[in-house]
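Single-structure report; data block below.
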Amino acid sequence: MNSDEYPVMDNKNLEAEIHPLKNEDGKAPDNHENCAEKEALCRKPTRLSQLSRWRTAAFFLSLFLCLIVVFAFSFIIPCPVRPVSQRTWNRKYDRAVTYKFLAVEDVNEDKVQDVIFVFKDTNGSSSFNRSCSDEGLSAPCAFVAAVSGTNGSTLWERPVTEDLLWMECAIEQLGGAQSPGCLVIGNPELLTAINPHTGEVRWRQFNSFGANYTVVTPLLKIPDVDGDGVQDVMIFITAGDETKSFIYSGKNGEQIGTSGRLSLGARPGYLIHVTKTGSYYVLFNTVNSLYGYSLKDLYSMATGMESKLTSLKQDSQWEKKVESPTHHIPLLSSGDIHYLVKVPGKSGENILVVKSDMAELLDGQTLNSLWTVNASHILSEPVFGYYTPDVLHIVLESGVGPNRKKIMIVEGGSGAVHWELELNSRAGSPRPATLNTADHRSTFLFWGEYQAEANETGSKVALQNLYLFHPSYPNVLLELNNSPDRIVAFDAVLFERSRHACYVLLTGPQSSKGPGWVSVTKRKLKEDIADSRVTWLSQVAGDSEQYIRDRFFRMRFSSQM
């Protein structure tokens, strides 16, 4: 190889290093067959690309459907109209008298509680223009009325009897209907079942109580004993020292059997109790004794037949405790018995026996004494609330002197007194009421007149102030309102589910007095809290009165516990 050939070789090698993809002619290598194959693969749609298109279509379709739903709810489908409740309303009846009866339930089914009460007059209100003669009754007569919880307007009125002896609502299946009903016991001898939603009569029956009798209240709602699928009602009346029992069909009001006779003394009280084995017993309390009768025995006494119903059976433990043949139940403590109250417990209901000198809790199955607490001269039937979260407490009112009373909050499980307060009080003061709060406790409402000085005696005519107390501030009372009128009935109610906390007052002369103004009033609790007066039971630095009002104003309530 000569020297002239080396430059040529070097140039070719250099060109090959710089352009490695070119052929010797300076062009990229042609591979038409390979390129055709690659192009075919690129143009062929893959499974992944098809899935991506379906996802995109699904996304836009779901977005379109969402827009349609939003548009429909915003512009086409109307939102439900929520009733606007007045904070406070008042309904008055001139030249009337009233009775100690007040019921709260949703009458017109607008999800707001309404008020049912009874007044006695010649004519009803101007809203309905109904008179006693419309029902064939002599004037004046007793009218049952339902007024709206939202604004106090009259929903319905009906004259039912010449004089009211007792009335009770929330009786399941009364008249065979799906909704509960109200039963009126009137004088002269008349039983009337009423539909609380319309005021219409479901059935009306004459009773056979006899002469010179007194109805023992409340009514006794018992299982179905006549086999018509509707629970029945047992009524006790007293005439002298004799007590009679009557059973009436809840479906049509017809009497079942004749009547039973019990020798219990004058005007006993009673309570129905269901044991853990499902046996029904009726406890009667006289002045200083407690008696127990199985519902099976009472049915046999009223009908003269032995019951074959499985719901009417006896409990072996109770039969050992109840002395035969007197049916007497021995108690640990003595004293006059004023009230019998069922107390919910962890393993079933227990029985609170309220006496003249103490309150005693009995085990609902064994009838053994669980605890006693000193509480003399009990003034009203106990009510329940929650002083500590989820722990049931009992509110007792006991008299401690002339025009003087003590409020006691007692733990239901142990009988320990957690809080107490003395107040001036007038005769016939309404019993306390409670409302459950969202912190699993309760607000307590009670009437009286607080005096800071411990050595002051009760005034001759104590003021009727309504106080609110909550366990989160055990040293504070809020004075909400005062009423110079005679309060016949009082209750605290959530007019809507978990909200709209109110209290209802029924004032006016009772049936034994002359006619006057009868008034039904609803007041919203928060409105009174905003204008309330703070009363310090013991001064605590750092909390202003307005701070306390604001805390109570923001309090939330609960319909369930």
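Yes/no matrix, rows are residues, columns are (1) within 19 Å of Y93 (Cβ to Cβ); (2) part of a loop (DSSP other than H, G, I, E, B); (3) touching a residue at least 24 places away in the same chain (Cβ under 8 Å):
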{"site": "P159", "(1), (2), (3)": "yes, no, yes"}
{"site": "I185", "(1), (2), (3)": "no, no, yes"}
{"site": "G199", "(1), (2), (3)": "yes, yes, yes"}
{"site": "W203", "(1), (2), (3)": "no, no, yes"}
{"site": "N212", "(1), (2), (3)": "no, yes, yes"}
Identify, please: which residue in region 338-356 is open to solvent by less than 70 Å² (accessible area, probe 1.4 Å) and more than 22 Å from the chain's Cα centre (by Cα) and is, among those, modelled with the lowest pLDDT? S356
For N252, indicate whether it is assigned to a loop (DSSP other than H, G, I, E, B) and touching a Phe, Trp or Tyr at 6+ places or on another chain (Cβ under 7 Å). yes
Could you list, ordered by first residue, the pairs with Cβ atoms under 7 Å in which the first is in region 538-561 and exposed (fewer than 10 other Cβ atoms within 10 Å of the Cβ) and the second is at pLDDT below 95 and in a loop (DSSP other than H, G, I, E, B), at least 6 apart or interchain? S538/N475
Could you grab me the full set of residues in region 278-310 that are in a loop (DSSP other than H, G, I, E, B) and small (G, A, S)? G278, S279, S289, G304, S307
Filtered residues of region 347-374 (kept if in a loop (DSSP other than H, G, I, E, B), in contact (Cβ under 8 Å) with a residue 24 or more places away in the chain and under 26 Å from G278 (Cα atoms)): S347, G364, Q365, T366, L367
Answer yes if at least one residue in region 486-503 is outside any strand (DSSP E or B), open to solvent by 10 Å² or more (accessible area, probe 1.4 Å) and farther than 20 Å from F557 by Cα, and no otherwise. yes
Scanning region 76-96 for residues that are farther than 21 Å from Y503 by Cα and surrounded by 13 or more Cβ atoms within 10 Å (Cβ to Cβ), which turns out modelled with the highest pLDDT? A96
Contact list please: Cβ distance under 8 Å, first residue in region 383-395 and in a strand (DSSP E or B), second residue open to solvent by 50 Å² or more (accessible area, probe 1.4 Å) and hydrophobic (A, V, I, L, M, F, W, C), pairs at least six apart or on different chains. Y386/M561; L392/F384; H393/F384; I394/F384; V395/F384
Cross-chain or 6+ apart pairs with Cβ under 6 Å, region 420-449 first and under 27 Å from G401 (Cβ atoms), then basic (K, R) and open to solvent by 40 Å² or more (accessible area, probe 1.4 Å): E420/K406; E422/K406
Which condition number does S398 fail, the rest of (1) open to solvent by less than 40 Å² (accessible area, probe 1.4 Å); (2) touching a His at 6+ places or on another chain (Cβ under 8 Å); (3) touching a residue at least 40 places away in the same chain (Cβ under 8 Å); (4) of a type in the set (S, T, Y) being met? (3)
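Search region 361-386 for residues being under 19 Å from the mean Cα position of the chain (by Cα) and open to solvent by 30 Å² or more (accessible area, probe 1.4 Å), and hand back the single one that is modelled with the lowest pLDDT.
Looking at residues that are under 19 Å from the mean Cα position of the chain (by Cα) and open to solvent by 30 Å² or more (accessible area, probe 1.4 Å), I get E381.
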Could you give every pair whose Cβ atoms fall below 6 Å, whose first residue belongs to region 107-135 and is assigned to a loop (DSSP other than H, G, I, E, B), and whose second residue is among the acidic types (D, E) and open to solvent by less than 10 Å² (accessible area, probe 1.4 Å), counting only separations of at least 6 or pairs across chains? V107/D114; G124/E157; F128/E157; R130/E157
M301: passes all of (1) over 19 Å from V225 (Cα atoms); (2) more than 31 Å from the chain's Cα centre (by Cα); (3) modelled with pLDDT of 85 or more but (1)
Checking the structure you have, find out if any residue of region 259-271 is aromatic (F, W, Y), open to solvent by less than 40 Å² (accessible area, probe 1.4 Å) and either farther than 20 Å from L164 by Cα or modelled with pLDDT under 90 (or both). yes
Members of region 396-438 found to be hydrophobic (A, V, I, L, M, F, W, C) and outside any strand (DSSP E or B), listed by number: A416, A427, A438
Can you tell me which of D134, D163 is open to solvent by 30 Å² or more (accessible area, probe 1.4 Å), out of contact with any Leu (no Cβ under 8 Å at 6 or more places or on another chain) and at pLDDT 90 or above? D163
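The values are calculated or read from the model by the stated rules, or taken from the named source; none is laboratory data. Given the structure is predicted, the values throughout are model-derived calculations rather than measurements. Note that each Cβ is placed from the backbone with ideal geometry, even for glycine, and that neighbours are counted across all protein chains shown. These accessible areas exclude ligands, DNA and RNA; they are computed on the full protein's heavy atoms, side chains included. Shrake-Rupley method; radii C 1.70, N 1.55, O 1.52, S 1.80 Å.
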